[in-house]
Amino acid sequence: MQSEQPSNGRAYLALVLICIIWGTSWVASKEAVRNMPALQMAGIRQIWAGVLYVIWFTSKRHAWPKGKQWWPIVWLAFLNFILSNGLSTWGVKYISAGLGSIIGASFPLWLVILSLLRYKEKPSILAWIGLIVGFGGICIVFYDHLGEFLDSNFRIGIALSVTAAISWAFATIYTKEHAMHFNPYFGIGLQMLMSGIVLVSFSKVSGLSIPISEISLYSWLNITYLVVFSSILAFVAYLYALQKLPTSLVSIYAYINPIIAVMIGGAFFGERLSLVILIGAIVTVLGVYLVNAALRQKRIFFWPPRGRI
C-alpha cells in the first residue's frame, strides 16, 4: 500500500498540472496572436510540436501508418487541428481567452445535437437538462457582452470559436465510427505536423503571415509555452493521470480549464472579469458536466482530449 501512495501523489500532481496548463494555454494563445497572424501562429506551433512527437515515436521504433491507416489521420488532422485548433486560435484574436475557452468547453453540447441529427437518437433526460443548462450559461456570458456584438470583429471571433467547437464534435463522432487501428499518440503528432504545414502554407499564400524575423520575442515565448507545456508536458501528464486515476476523475480538467482561463485573463491580462461572466462560466461548465455524464452512460468517450494540445 505504501508503494502506491507516491504514485498516486504524482498522478494527482499531474492532474493539477493539466488543469492549470490547459487553462492558461487559452491565454497564451491570445497573447501569442496579439502581434502576429493567428493561423500562422497555430501552424508554427503545430509544426514544432508535431516534429517533436514524430522524432520521439520514430526513435522508439514505432511503425508508421500504412495504406488505409492514413485516411483517419488525414481527416482528423483536418477536423482537430486545421479547423478546431486553427479556428479557435483565430477566434481569440477577436475575443477574450476566457470567452474562447467557455465556447470551446461547450463542444459536448454540440456532440449531443450532432448525434441527434446523425443517428436520430433521442437524448436522455439528463442530456436535455445539460443542454439547456449549458446553453443557458453561454447566454448568461453573452449577456455581459451584448454591446460588443455591434463590433464585426467580435462577431467573427464568436463564429470562428463556435465553428471550432462543432468541428471537434464532428471529429469525436468520426473517431467513434472509424476506430483507429494505429497508435493514437503517434497519430496526434502526425496530425499536428500535417495541419501545421497546411496552415503555414495557407498563411503564406493568402498573405496572412509576417516574416519569421518580425515575430516578436513575446510571441515566441508564448509559442514556446504552448509547445513545451501545453502540447507536450500537459499531454504526457494527461496520459500518466489516466493510467493511475479513474477516467471520471481525470475528466474534471475540462470543467476547470475555462474557469482558470477566465480568471487568469481577467486578473493578469486585462480581460473583462465580472460576476455575471463568472456565474455564466460556472453554469456552462455544470451543463457540460451533465451532458458528459449522459454520454458516459452510453460509453461515449472523447479522443483526443479537448485541451489546447
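Read through the list (1) at positive phi; (2) within 16 Å of the chain's Cα centre (by Cα), then give the number of the only condition that Gly270 fails.
Evaluating Gly270 over (1) at positive phi; (2) within 16 Å of the chain's Cα centre (by Cα) leaves (2) as the failure.
With Phe182, Phe135, Phe170 as the choices, which residue is under 20 Å from the mean Cα position of the chain (by Cα) and either within 26 Å of Leu242 (Cβ to Cβ) or buried (at least 23 other Cβ atoms within 10 Å of the Cβ) (or both)?
One residue alone meets the criteria, Phe170.
Going by what's in this entry, would Ile140 be described as open to solvent by 10 Å² or more (accessible area, probe 1.4 Å) and closer than 16 Å to Ala38 by Cβ?
No.
Just to verify a result, which residue in the range 120-132, among those that are in contact with a helix residue (DSSP H, G or I) (Cβ under 6 Å, 6 or more places away or on another chain) and in a helix (DSSP H, G or I), is most open to solvent (accessible area, probe 1.4 Å)?
Per the criteria, the residue is Ile129.
Pull out all pairs, ordered by first then second residue, where Cβ-Cβ is under 6 Å, the residues are six or more apart or on different chains, the first lies in the range 47-72 and is farther than 15 Å from Val236 by Cβ, and the second is open to solvent by 60 Å² or more (accessible area, probe 1.4 Å) and of a type outside the set (Ser, Thr, Tyr).
Pairs that qualify, where the first residue is farther than 15 Å from Val236 by Cβ and the partner is open to solvent by 60 Å² or more (accessible area, probe 1.4 Å) and of a type outside the set (Ser, Thr, Tyr), are Pro72/His178.
Considering only residues of the range 1-44 that are open to solvent by 70 Å² or more (accessible area, probe 1.4 Å) and of a type in the set (A, V, I, L, M), which is modelled with the lowest pLDDT? Break it down stepwise before answering.
Residues of the range 1-44 that are open to solvent by 70 Å² or more (accessible area, probe 1.4 Å), as a first pass: 1-5, 10, 12-13, 16, 20, 34-35.
Those still in the list that are of a type in the set (A, V, I, L, M) too: 1, 13, 16, 20.
Values: Met1: 42, Leu13: 93, Val16: 93, Ile20: 94.
For the range 1-44, the residue satisfying everything is Met1.
Quick check on this structure: which one of Ser115, Ser25, Ser88, Ser84 is of a type in the set (Gly, Ala, Ser), in contact (Cβ under 8 Å) with a residue 12 or more places away in the chain, assigned to a helix (DSSP H, G or I) and more than 29 Å from Leu221 (Cα to Cα)?
Answer to the selection: Ser115.
Does Gly157 satisfy being in contact (Cβ under 8 Å) with a residue 12 or more places away in the chain, small (Gly, Ala, Ser), part of a helix (DSSP H, G or I) and over 30 Å from Gln297 (Cα atoms)?
Yes; evaluated as a whole, the condition is true for this residue.
Going through the range 203-254 one residue at a time, which ones are open to solvent by 60 Å² or more (accessible area, probe 1.4 Å), outside any helix (DSSP H, G or I) and touching a residue at least 60 places away in the same chain (Cβ under 8 Å)?
Listed by number, the list holds a single entry, Leu208.
Output the residues belonging to the range 101-116 that are more than 10 Å from the chain's Cα centre (by Cα), crowded, with 24+ Cβ neighbours inside 10 Å and not aliphatic (A, V, I, L, M).
Result: Ser106, Pro108.
Tell me which residues, restricted to the range 32-44, are farther than 14 Å from Leu87 by Cα and in a helix (DSSP H, G or I).
Result: Ala32, Ile44.
Only one residue in Ser161, Ser152 is among the polar types (S, T, N, Q), at pLDDT 90 or above and open to solvent by less than 20 Å² (accessible area, probe 1.4 Å). Which one? Full working, then the answer.
Values: Ser152 fails: open to solvent by less than 20 Å² (accessible area, probe 1.4 Å).
Among Ser161, Ser152, only Ser161 is among the polar types (S, T, N, Q), at pLDDT 90 or above and open to solvent by less than 20 Å² (accessible area, probe 1.4 Å).
Considering only the range 45-76, state which residues are outside any helix (DSSP H, G or I) and open to solvent by 30 Å² or more (accessible area, probe 1.4 Å).
Passing the criteria: Lys60, Arg61, His62, Ala63, Trp64, Lys66.
Looking at Phe301, Phe235, Phe229, which is the one that is aromatic (Phe, Trp, Tyr), under 26 Å from Leu76 (Cβ atoms) and either in contact with a strand residue (DSSP E or B) (Cβ under 9 Å, 6 or more places away or on another chain) or at pLDDT 90 or above (or both)?
So the residue among Phe301, Phe235, Phe229 that is aromatic (Phe, Trp, Tyr), under 26 Å from Leu76 (Cβ atoms) and either in contact with a strand residue (DSSP E or B) (Cβ under 9 Å, 6 or more places away or on another chain) or at pLDDT 90 or above (or both) is Phe229.
The values are calculated or read from the model by the stated rules, or taken from the named source; none is laboratory data. All values derive from a computational prediction rather than experimental measurement. Here the Cβ is made from the backbone with ideal geometry for all residues, glycine too, and neighbour counts use every protein chain on show. The protein model used for the area step is the full one, side chains on, heavy atoms only, and it has no ligands, DNA or RNA in it. Shrake-Rupley method; radii C 1.70, N 1.55, O 1.52, S 1.80 Å.
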